[in-house]
Amino acid sequence: MTTISTKTNAQQYVDGVFLKLKEKNAHQIEFIQAAEEIFISLVPVFEQHPEYIQHNILERIIEPDRIISFRVAWQDDQNQVQVNRGYRVQYNNVIGPYKGGLRFHPTVNESIMKFLAFEQIFKNALTGQAIGGGKGGSDFNPKGKSDAEIMRFCQAFMTELYRYVGPDVDVPAGDIGVGAREIGYLWGQYKRIRGAYEAGVLTGKKPGYGGSLGRKEATGYGLVYFVEEMLREAKQSFINQKVVVSGSGNVAIYAIEKAQHFGAKVVACSDSSGYIYDPEGIDLKIVKELKEVQGKRIKEYVTHRPNATYTEGCDGIWSIPCDIALPCATQNEINGEQARTLIANGVKVVAEGANMPSNLDAINEFLASDVLFGPGKAANAGGVAVSALEMAQNSGRNYWSEQEVDSKLHDIMKSIFNESSEAAKKYGYAGNLVVGSNIAGFIKVANGMLVEGVY
């Protein structure tokens, strides 16, 4: 008996490309997860644009332009030689030079680099800036290392990386484990090797030394600006909303700061060891002192706030009842069960400050409920948006005020929300910002690939 397929040509095409992808990259779990979430969204695009199928855009876009892997050998303070592995994934430069952060963390591997770089393509396209998608990093762990060890590692890392980056080629930035200190060491080594002041080769530099004011705050502020638009469309606001934020790095700290500025009560945050709950509202001055000045663990917070509690382990943070949840720590920190707990406890909004913090089960739970869900590639695009503004300042030898940068960031986040919302409506998924942001970013890149031809 012959079975007649009811799948459309578009669905068959997407399924076929995804099957090839899984066969080629079976061991790369995070990469496959990121690709699946985007692929699901794109079926209606291929139904309306058969030219994308004709030019095999999806199979071309899912394959990185190149993956660079290299050895990083350096000496620790005991004069022992240590060896780490470095990566740079240059994924797509149709819109502009490759752009994406460097992550120094022991979990770094090729799968994580590819998933982050792939997401970066569409996130960067959504910003409206002339930047393509890339990502890099190393399995080096900066925690517990001296400044001298971190400097030597960064110098060794850039000694390998410099061959592949440049202001008009590939512009790395910071990410987990890479802040202004690490960027400074990388930048100094690049200048030393190149013998030229090419400030636009790295972003996230210190203000006054090629960096942009407002960069440190940008991802957290941008996340809250995006949620502000989500709430505005729902005729709500941040005022008196109870908020839970995971993480206590730059993204979390400045999301807390801006949410409090807008009238919200933030009651919890975390680090990799556990989380704090403060029913009176998080005292951000204490968190900043602990994390930004003293470099201590978040559990020390309770020694300053007797009514606060600390819980070892991070999973339980999502059991705290809240109106708004902002996952700002790392990938896959919210699963289906935790999503159901959040929903049962009355969460109204979930918006991602980290990259892919909600797995597919969690996303489906949020979308099936009345929860407003802001996906990371849209909601956390503020950081890379201001990185692109830093590139523009470097190119023009300009230095904008913090107010000017923040105003541009606010406008960019509004634009990302509006474009994502409109794309969702146009393709029959009104209110679904996952589909909307995926489609809006993809179409910009796909049309550029059509213009440039096959290569």
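The values are calculated or read from the model by the stated rules, or taken from the named source; none is laboratory data. Owing to the predicted nature of the structure, the values given are computational and were not obtained by experimental measurement. All Cβ positions, even for glycine, are placed from backbone atoms using ideal geometry, and neighbour counts span all protein chains on display.
One table, with the values for the structure above:
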read-out	value
Complete set of residues in the range 127-168 that are aliphatic (A, V, I, L, M), surrounded by fewer than 24 Cβ atoms within 10 Å (Cβ to Cβ) and within 30 Å of Phe226 (Cα to Cα)	Ala130
Every pair of residues 6+ apart whose Cβ atoms lie under 8 Å, when the first sits in the range 285-305 and is of a type in the set (Ser, Thr, Tyr) while the second is in a helix (DSSP H, G or I)	Tyr301/Ile286; Tyr301/Val287; Tyr301/Leu290
Some residue of the range 57-65 being out of contact with any helix residue (DSSP H, G or I) (no Cβ under 8 Å at 6 or more places or on another chain) and not in a loop (DSSP other than H, G, I, E, B)	no
Matching option when the condition is in a loop (DSSP other than H, G, I, E, B) and not basic (Lys, Arg), among Gln155, Gln129, Gln120, Gln82	Gln129
Qualifying residue in the range 200-213 (condition: farther than 28 Å from Ile324 by Cα, touching a strand residue (DSSP E or B) at 6+ places or on another chain (Cβ under 7 Å), at pLDDT below 95 and not in a loop (DSSP other than H, G, I, E, B))	yes
Matching entry among Asp147, Asp170, Asp175 (being closer than 24 Å to Asp77 by Cβ and in the same structural domain as Ile193 (by TED's automatic domain parsing))	Asp147
Set Ala446, Ala381: member being within 24 Å of Ile61 (Cβ to Cβ), at pLDDT 95 or above, under 16 Å from the mean Cα position of the chain (by Cα) and of a type in the set (A, V, I, L, M, F, W, C)	Ala381
Qualifying position, being over 23 Å from Thr203 (Cα atoms), modelled with pLDDT under 95 and either among the acidic types (Asp, Glu) or not assigned by TED's automatic domain parsing to the domain that holds Ser358 (or both), among Ala34, Ala73	Ala34
Residue tally, condition within 26 Å of Ser401 (Cβ to Cβ) and without any contact (Cβ under 8 Å) to a residue 24 or more places away in the chain, over the range 192-206	1
Total residues in the range 183-204, condition under 19 Å from the mean Cα position of the chain (by Cα) and either of a type in the set (Val, Ile, Thr) or surrounded by fewer than 22 Cβ atoms within 10 Å (Cβ to Cβ) (or both)	2
